[in-house]
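See structure below.
The values are calculated or read from the model by the stated rules, or taken from the named source; none is laboratory data. This is a predicted model, so every value here is computed, not measured. Neighbour counts are summed over all protein chains in view; Cβ atoms, including those assigned to glycine, are modelled from backbone coordinates with ideal geometry. With ligands, DNA and RNA removed, areas are computed over all heavy atoms of the protein, side chains included. Shrake-Rupley method; radii C 1.70, N 1.55, O 1.52, S 1.80 Å.
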Amino acid sequence: MSDEIDDRLSRRFDNDQNDENETTSEESQNDMNSVQSGGEGKPQTSQKAQNIKKEWNVRSFYLDDDLDSDLTTAFKRLDLSLSEADADMDLKKTRHFYPLIVELGLERLERMEVTEVTEQLESKDSV
């Protein structure tokens with residue numbers, strides 16, 4: 001119960017509230033259960049999804065403080081750059097930014113040799 005209250009308070013007072021499509025842990029669990037049990041069928045992969053909480057897959061992961069801070073800073077910089085460039089886009093974390101980060105990361109991972117990956121992982125573990 002305490003975790004649920006903490007989550008609600010952090011979402012309410014978080015500076016990054018500009019994404020109304022963020023999922024709560026309870027909604028995420030319900031969505032995962034629906035997908036795992038064959039619920040409403042396979043979620044869509046289209047960027048044109050009307051409700052990403054219902055149509056996309058849910059992934060949760062943990063980041064250390066430094067990486068989380070870097071991710072937040074990257075989002076804010078990109079959002080600022082887009083607004084300064086008069087781009088006609090309202091950047092959303094869940095709909096736009098997180099999928100972009102994952103896609104770019106996967107592209108880079110595909111180009112890396114196994115030794116590069118192990119070196120990167122070992123450097124992260126030694127910190």
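Could you compute the FRET efficiency for D90 and V114, with r as their C-beta to C-beta distance and R0 at 35 Å, rounded to 0.05? All intermediate terms of the calculation are to be shown ahead of the outcome.
Values: r = 40 Å, r/R0 = 1.14.
FRET efficiency, D90 to V114: 0.30.
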Exercise. Which value, in Å² rounded to 10, gives the accessible area of L109 with a 1.4 Å probe and all protein chains present?
Worked result: 90
Exercise. Averaged per residue, what accessible area in Å² does segment 69-127 show with a 1.4 Å probe, protein chains only?
Worked result: 80
For this session: Run down the lysines and flag those whose C-alpha is under 27 Å from the C-alpha of K76, throwing out any fewer than 8 positions away in its chain.
Result: K48, K53, K54, K92, K93, K124
Exercise. If ligands, DNA and RNA are left out, what is the accessible area of T115 with a 1.4 Å probe, given in Å² to the nearest 10?
Worked result: 90
